[in-house]
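The values are calculated or read from the model by the stated rules, or taken from the named source; none is laboratory data. Quick caveat: nothing in here was measured; it's all calculated off a predicted structure. In this analysis, Cβ positions are derived from the backbone assuming ideal geometry, glycine residues included, and neighbour counts consider all displayed protein chains. Accessible surface is based on the protein model in full, side chains and every heavy atom, while ligands, DNA and RNA are left aside. Shrake-Rupley method; radii C 1.70, N 1.55, O 1.52, S 1.80 Å.
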Amino acid sequence: FDNSGNLYVSDSHQGKIFKVTPQVAPDLTSQKEISLYAQGLDKPVGLVFDNSGILFAADKDKGIIYKINSGGSLTPFVSGIKKPRWPAFAPNGDLYVTADGLTGLIPKPKNDVILKITPIGQISLFMDELHDPEGLVFDKAGNLIVLIEKLHKEGEDEGTTILKIAPNGIMTSILSGH
């Protein structure tokens, strides 16, 4: 959601981002207007706004995180990330994203990684000890909340874990199970 209450939705199959604007009709019924906001991405997987209201999109197939201005124009913010997804901003303005790694990262991580990206685009490895982090969000205290969905080799759900990673790096399980 942006500061005006508009919802932004990525369509990873069409490579587009849509803006959903809530409206109240004269008879006080709620309606919505859906409009194309941005296009030209390959597979957007995750949208997030920074503190100044700029939309960022992780393009999983291109390995790029884009800044998207209010007119829908794409500007690469960082690139060279293997399958970036699920971006989240920390209270200090750093962007965190899950990925398969970085281009040229040696040794190759055993698991997916969480990367930290500063406001000027410097990328560093935050964590590589989690298997398949599927979602990131920060709480008001600055803790990183991570969703991990465990799947069996045949695709069967083995349960979900939600972890809290405190600013000092201490990890606690909030939820674990089916």
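Here the accessible area is traced with a 1.4 Å probe on the protein chains. For the chain, carbon and sulfur cover 52 percent of it.
Taking the solvent-accessible surface of protein heavy atoms with a 1.4 Å probe, what is the per residue accessible area of the chain in Å²? Ligands and nucleic acids excluded, the figure is 57 Å² per residue.
Site pair MET171 and HIS13 shows an inter-label distance of 3.4 nm when each label is modelled 7 Å from Cα along Cα→Cβ. Computed with every protein chain present, the accessible area of ILE123 is close to 60 Å² [probe 1.4 Å]. Counted by Cβ distance under 13 Å from PRO119, the other residues give a net charge of 0, where Lys and Arg count +1 and Asp and Glu count -1.
Quick one: if the Förster radius is 45 Å, what FRET efficiency do GLU129 and LYS67 give, using the C-beta to C-beta distance and rounding to 0.05?
Values: r = 30 Å, r/R0 = 0.66.
That pair, GLU129 with LYS67, gives E of 0.95.
Each label was represented as a point 7 Å from its Cα along the Cα-to-Cβ direction; for ALA141 and ILE54 these points are 3.1 nm apart.
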